[in-house]
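Everything on this sheet refers to the single structure shown next.
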Amino acid sequence: MELVAEIAAYREGNGDPGRLVGEFRRAVLLAPLADAEAGVEGGLMTARSGGIRWLYAFTDEEALGRFAAARGEADREWPYLAVLGARLVDAVVPQVDGPAGVAVNVADADGSMLFPPVVGIVPEGSAVDFDGGVPAAGGRGEVL
């Protein structure tokens, strides 16, 4: 099953967290690049919310287009990298200063999904619920 279908199933209460994370890791996602005006030319576009840096990622150009339109910026070029979800969480998240997760299809009210910085999604050293050799109290590594 593809990521969009897994997100839909999970949001409807029929999904499996392990399958969802697996599809996310296997999916080729479009990660928009930050523009020069943001002061981080060449970096990935992110937002900070609740103390977490969220990397934006989209399942296709249409989803990225909806995001651009929601920002009132559909008329400009949106350069992006095509990258595996696994690469985002395994290689990019550990490079971010502080907790980071991935926000997929954020402009789609019924099709968005957050992959937070918890055990089972990001590497243990980047997970907010990991404390040494064991998950911190309450940390189960599930998609929230």
Scanning region 24-36 for residues that are part of a helix (DSSP H, G or I) and in contact (Cβ under 8 Å) with a residue 24 or more places away in the chain, the one surrounded by the fewest Cβ atoms within 10 Å (Cβ to Cβ) turns out to be ARG26
Which one is farthest from the chain's Cα centre (by Cα), of the residues in region 118-144 that are modelled with pLDDT of 70 or more and charged (D, E, K, R)? ASP131
Taking only pairs six or more apart or across chains, which ones have beta-carbon atoms under 7 Å, a first residue in region 1-20 that is closer than 13 Å to ASP110 by Cβ and modelled with pLDDT of 95 or more, and a second residue that is of a type in the set (Phe, Trp, Tyr) and surrounded by 13 or more Cβ atoms within 10 Å (Cβ to Cβ)? none
Got a number for residues in region 1-21 being part of a helix (DSSP H, G or I) and either surrounded by fewer than 16 Cβ atoms within 10 Å (Cβ to Cβ) or of a type in the set (A, V, I, L, M) (or both)? 11
Counting only residues that are of a type in the set (S, T, N, Q) and more than 19 Å from THR59 (Cβ to Cβ), region 94-124 contains a total of 1
Write out, first by first residue and then by second, each pair whose Cβ atoms fall under 6 Å of each other, whose residues are 6+ apart or on separate chains, and whose first residue, in region 98-124, is touching a residue at least 60 places away in the same chain (Cβ under 8 Å) and over 18 Å from VAL28 (Cα atoms) while the second is assigned to a loop (DSSP other than H, G, I, E, B) and of a type in the set (Gly, Ala, Ser). PRO117/ALA127; GLY120/GLY141
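The values are calculated or read from the model by the stated rules, or taken from the named source; none is laboratory data. These numbers come from a predicted model, not from an experiment. Counting neighbours? That spans all protein chains shown, and the Cβs are built from the backbone with ideal geometry, glycine included.
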